[in-house]
Structure formats: C-alpha cells, structure tokens
Amino acid sequence: MPTLDLPFIRSQFPAFSEPSLEGWAFFENAGGSYPCRQTIERLEGFYTRHKLQPYYGFPASQAAGAAMDEAYDRLARYLNLEVEEVHFGPSTSQNTYVLAEALAGLFETGSEIVVSDQDHEANAGVWRRLADRGFIVREWQLDPETGHLDPAQLAELLNEKTAMVAFPHCSNVVGEVNPVAEVTGMARSVGAISVVDGVAYAPHGLPDVAALGADVYLFSLYKTWGPHQGLMTVRRDLMERLPNQSHFFNDGEVRKRLVPAGPDHAQIAASAGIADYLDEVYQHHWGDSADASERGRRLHELFRQHEEELLEPLLDFLLDREDLRVLGPAAPGSKAPTVSVLPLRKSVAEVYDALTEHRIMAGSGNFYGVRPLTAMDIPLDPGVIRLSFLHYTSAEEMEQLIAALRRALD
C-alpha cells in the first residue's frame, strides 16, 4: 500500500487554492465535501456545450446523452454493480421517499420492517410512516451510552414476517462503522431485503456494494466530491419487482421507474467527474491497469489509512478530557472520521463560536440525527458539535483543530 500523496490530492480540489478560504480548516465534510476539479469541469462543460434535451438525433443532444450514460457506467463499475442497478435522484432523502412508495406496493400488509434508531432521518422516517399503511415497524435500538448497534439484538427481531431491514453503514453523528455484510446476510437469511444508508460512509471511499450484499445502497454525491445529487443502487432482481413510480409509459425504462420527475441532466453528467478523480488518484499512486472495482477497493484502503492516522491524535486528545462526551467508539479502526462531541462545562454555542474564531469550519446541531441523539439522551437543541474530515485533510489542519479545541474548552 503506497502512502497517500496529499499535495497531489489537494491539487485536485480548487477550494484549497481559493484565497477566501486560506487559513480556514474545513471540518464539516459530513455535511458536504469540497467538489473535485474534475466534477467542476464536467459541469461547466455540460452547461457550455450540451445544456439541451439529451438523446435526440442531432450531435449536441447525442453528446449530452453520452455524457450522462458515461456517469452511470463508470460509477457502476466503481461500485462493482451492473449499470442498470445505478439510479440518480435529487437527494438521498428524495430517493428513499420514492423507494418507500415503491416498496409499500411490493410488501404484503402486515409485513414487518426493522428500522434502527441510529439512522439519519432520511433512512428512518419514510419507513416508520409505513406503519400507517398496515405494516409493523420494529426498532433495532442502539446502546444509549455508546451508540453501538448490536447485531445480536437484531437477530431477536427477525422472523419469517420480516420484509426489510434498514440501517446505516455509518451514523452521521455516532460515527461507528457497522458490519454491513453481516447484517445484510442476517436479513437475507429470513428472506428480507436490506436498505443501507451509506451517506456518512461513502465519502471515505466508494464501497463495493456487491461485496456488502446490500439490496439497496444510498449515498449523496455532494459528499463524495461531486454535484448535489443522490445515488441509489437497487439490485436488479429487486428492481424488476418494484412497482413503477414514474409516468405509466415509462414502466419499461429502468432509469425512469424510480424517478417521478425528470433527472438533472447536467449534474448526472458531472458525476462522471468523481470517477475521473478516482482514476487520476489511482494512476498517480499505482499506475497499473486494474479494473474499476479493484481500483475502488485499493483507493478505499488508501483513503481510510490516511484518515485513521489523522483520527488517532484527535480521539486521543478528546478522550483524555473530562469536560467532553465523545459519541461513538474510541478506536480509529471502527470509526469513520466523523466525531461528535458534547461539551460538559461550557455551552455548545460557546465552544462552537470559539472554534469559528480560530478559523475552524465545523457544524453544530442535530444533523437530522434526531433519533440517535434522543436515544442517547442528548438535547436536540443545541445538539452536538460535529468534527468531520476526509482524505484531503492535512496533519497541519488537524493540529490547528486540536489547538483550537484546547483554547475553546479551557
């Protein structure tokens, strides 16, 4: 495994050469990452050359359609899926809403749905509302002290009536990385489908969805260095059984059946810039001709290696203090670099404002993680301070964050 070349990585993100951002350290990546140069170039190019209806017979329209097709194909390869299993929508919240409508037409009344309370509301609320349609919702509850989801407790909820299990790959406030392949296997053993919210995990390296065994996997492209779109993967045989959610005459078109409104052509085309970025990073670090799924696996490990090296000193600093509650696990290897903290001797606002004064861009609030915070007995207002970073974060920025935290807390 090579060492991540951080100067090369940062050269791919225009934000790091933007004068207005100089001196600021970005630690709210869980809310949205900086876009890579390749995404920006593709978006600008589409608006300049192809901003018209795609898939007609004239050259500009054909080029627009080809640019969109490329995004489907190349991201599918990185996710280790068939191209027909990749679907774009305006956001993950919208995608889950439409998916819930489709699954409600597939499940039998009285079927049981298991939903965790560790989820972002996008992968919680839509499923819980199905109780109003005659479905039984069972809650897989986290440990109120640690935020941990125990698969042994899930096993007690599963039976022959279970139709679906919805859970996060990683909570956007707890930060623990859940054993997705184990959980999807448990769901499959009782004939249930799995719906995995990967929004807080995918920014740390695109997942091998096939290896995870997820029937549905969702994440947000604006958190994976791309445009503001949601990407949802749906296993092909499940997709073929889902009721059409688009116009009746679109029933036979796979890309349209879960998109009630027309897609954003330009942003779909620009999403291929994510694959461009990954390709360039891979060639810079390895330079061989491995297929996209293998490139993705290696890059995932490369990114996580760098992130864990930065996460360790941050956790060491935070866990050594008695004036903070740190959510989630203490070991970098079992945690994404999304660290939520609750000050115990100062207010959230006081600490947050001090961080801002020291040029730390972080977030505070509940981050739509209302259910996990409630289960952990943390007030939703003001919520927590969230510190989140990605593989493009530097050791110098981490030092800046720790120094700012020390001044803010002391």
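Some observations on this one:
- Phi angles across the range 337-349 convert, under the Karplus curve 6.51 cos²θ - 1.76 cosθ + 1.60 with θ = phi - 60°, into 3J(HN,Hα) values of x, 10, 10, 9, 10, 10, x, 9, 10, 10, 6, 4, 5 Hz, Gly and Pro given as x.
- Cα gyration tensor, the range 152-195 - rounded (a/c under 1.5), prolate or oblate: prolate
- Theoretical gain in end-to-end length, Asp323 to Phe248 [0.36 nm per residue, Cα-Cα removed]: 21.2 nm
- Per residue value of the accessible surface for the range 152-229 (all protein chains in place, 1.4 Å probe), Å²: 26
- Proximity of backbone amide H atoms, modeled 1.01 Å from N, is registered between Lys335 and Val177 at under 5 Å, excluding neighbours fewer than 5 places apart on the same chain.
- Spread over its residues, the convex hull of the C-alpha atoms of the range 267-410 is 145 Å³ per residue.
- Applied to the range 79-95, the Karplus parametrisation 6.51 cos²θ - 1.76 cosθ + 1.60 on θ = phi - 60° returns per-residue 3J(HN,Hα) values of 8, 6, 10, 6, 4, 5, 8, 9, 9, 9, x, x, 6, 5, 4, 5, 5 Hz, with x for Gly and Pro.
- Our compactness index for the range 1-133, the C-alpha radius of gyration over the empirical 2.2 N^0.38 Å, is 1.44.
- Arg138 long-range amide H proximity, modeled H, under 5 Å: Ile113, Val114, Val115
- Anisotropy class of the chain from Cα gyration tensor, a/c 1.5 cut: oblate
- For the chain, relative contact order (Cα pairs under 8 Å, six or more residues apart, normalised by length) works out to 24 percent.
- For Ser340, distant residues with modelled amide H under 5 Å away: Leu327, Leu387
- Spin-label model, Leu21/Arg345: points 7 Å from Cα along the beta carbon direction are separated by 3.5 nm.
- Distance between the pseudo-spin-label points of Ser189 and Arg359 (7 Å out from Cα toward the beta carbon): 5.3 nm.
- Over the range 50-118, accessible surface divided per residue gives 39 Å², non-protein components excluded, 1.4 Å probe.
- Rolling a 1.4 Å probe over the protein heavy atoms of the range 1-133, with every protein chain left in place, gives an accessible area that is 51 percent carbon and sulfur.
- Cα gyration tensor, the range 165-315 - rounded (a/c under 1.5), prolate or oblate: oblate
- Converting phi to 3J(HN,Hα) with the Karplus coefficients 6.51, -1.76 and 1.60 and the offset θ = phi - 60°, the range 108-124 yields 7, 4, x, 5, 9, 10, 9, 10, 7, 9, 9, 7, 4, 4, 4, 10, 9 Hz in sequence order, with x at every glycine or proline.
- P(r) weight above 17 Å for the range 109-163, C-alpha pairs, percent: 39
- Beta bridges per DSSP with both ends in the chain, % antiparallel, nearest 5: 50
- With protein chains left intact and a 1.4 Å probe, residues in the range 308-351 average 43 Å² of accessible area per residue.
- The range 56-150: mean projected area of Cα convex hull, nm²: 9.0
The values are calculated or read from the model by the stated rules, or taken from the named source; none is laboratory data. All of these numbers come straight from a predicted model, not from anything done at the bench. All Cβ positions, even for glycine, are placed from backbone atoms using ideal geometry, and neighbour counts span all protein chains on display. For accessibility, only protein heavy atoms count, side chains too; no ligands or nucleic acids. Shrake-Rupley method; radii C 1.70, N 1.55, O 1.52, S 1.80 Å.
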